[in-house]
Amino acid sequence: MRPERLVWDLDWNLLRTFVVIAEVRGITRAAEHLNLKQPTVSNALRRLEDRIGRQLVERDATRFELNEVGKLLYEPSVEVFGTISQLPRLVRVVSDGVTGHVIVSVACHVCSALCDGTLSEFHRSYLRATITITVCFPWLSLGAIPPCRPFFLMIRRPPRSTLFPYTTLFR
């Protein structure tokens, strides 16, 4: 396929499926996450590879990882998925008020009256918005960050990191 045709002929659902496959590192887990059958997800990966004309993953019975082409495709796919996921918000009429869903991931050892009060006030002020609070072990909190979406993560202050710049709100 000519590269310029790829943009017009590509099914964007294939990119979404690829992003989930890459993030959960497997076809079966991606199928579970997407609530699809394993052959459907496997077929989507094969169709994407056919469209691109290159293999995207290396896998065998004990290993599953993106190859060089898969790694190159992953970041733009996340950006596309993030942009598309924002479309409903962008086309909503301004008078609809604040709606949407906030995901808060909290490390199991973090307690804060400040955050409890803030979340309560948010819920009272924006009745059409929803909140999911996930409590997990600190090392799992970073994995709960959704790609290309704003997030709020509460953990103990980590060592300085170039991967996740952060702001200390309180101590």
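The values are calculated or read from the model by the stated rules, or taken from the named source; none is laboratory data. Predicted model, so just to flag it, every value in this text is computed and none were measured. Using ideal geometry, Cβ is built from the backbone for each residue, glycine included, and neighbour counts are taken over all protein chains shown. Each accessible area value is taken on the protein alone, full model and side chains, heavy atoms only, with ligands, DNA and RNA left out. Shrake-Rupley method; radii C 1.70, N 1.55, O 1.52, S 1.80 Å.
Scanning the stretch 30-52 for residues that are more than 20 Å from Glu75 (Cα to Cα), assigned to a helix (DSSP H, G or I) and open to solvent by 40 Å² or more (accessible area, probe 1.4 Å) returns Glu32, Gln38, Pro39, Thr40, Asn43. Checked against the criterion of being open to solvent by less than 50 Å² (accessible area, probe 1.4 Å), in a helix (DSSP H, G or I) and among the β-branched types (Val, Ile, Thr), the candidates Val7, Val20 yield just one match: Val20. If you check Pro165, Pro158, Pro138, Pro150 for being farther than 28 Å from Asn13 by Cα, open to solvent by 70 Å² or more (accessible area, probe 1.4 Å) and modelled with pLDDT under 65, only one passes: Pro165. Of the candidates Glu32, Glu65, Glu49, the single residue that is within 21 Å of the chain's Cα centre (by Cα) and without any contact (Cβ under 8 Å) to a residue 12 or more places away in the chain is Glu32. Within the stretch 98-135, can you find the residues that are exposed (fewer than 10 other Cβ atoms within 10 Å of the Cβ), at pLDDT 75 or above and outside any helix (DSSP H, G or I)? Within the stretch 98-135, His101, Arg128, Thr132 qualify. Is at least one residue of the stretch 66-82 modelled with pLDDT of 90 or more and not in a helix (DSSP H, G or I)? So far as the stretch 66-82 goes, yes, one or more of its residues are modelled with pLDDT of 90 or more and not in a helix (DSSP H, G or I).
As for the stretch 76-86, it holds no residue that is without any contact (Cβ under 8 Å) to a residue 24 or more places away in the chain, at negative phi and open to solvent by 90 Å² or more (accessible area, probe 1.4 Å).
For the stretch 53-65, a residue qualifies if it is open to solvent by 30 Å² or more (accessible area, probe 1.4 Å) and in a strand (DSSP E or B), and the qualifying residues are Glu58, Arg59, Phe64, Glu65.
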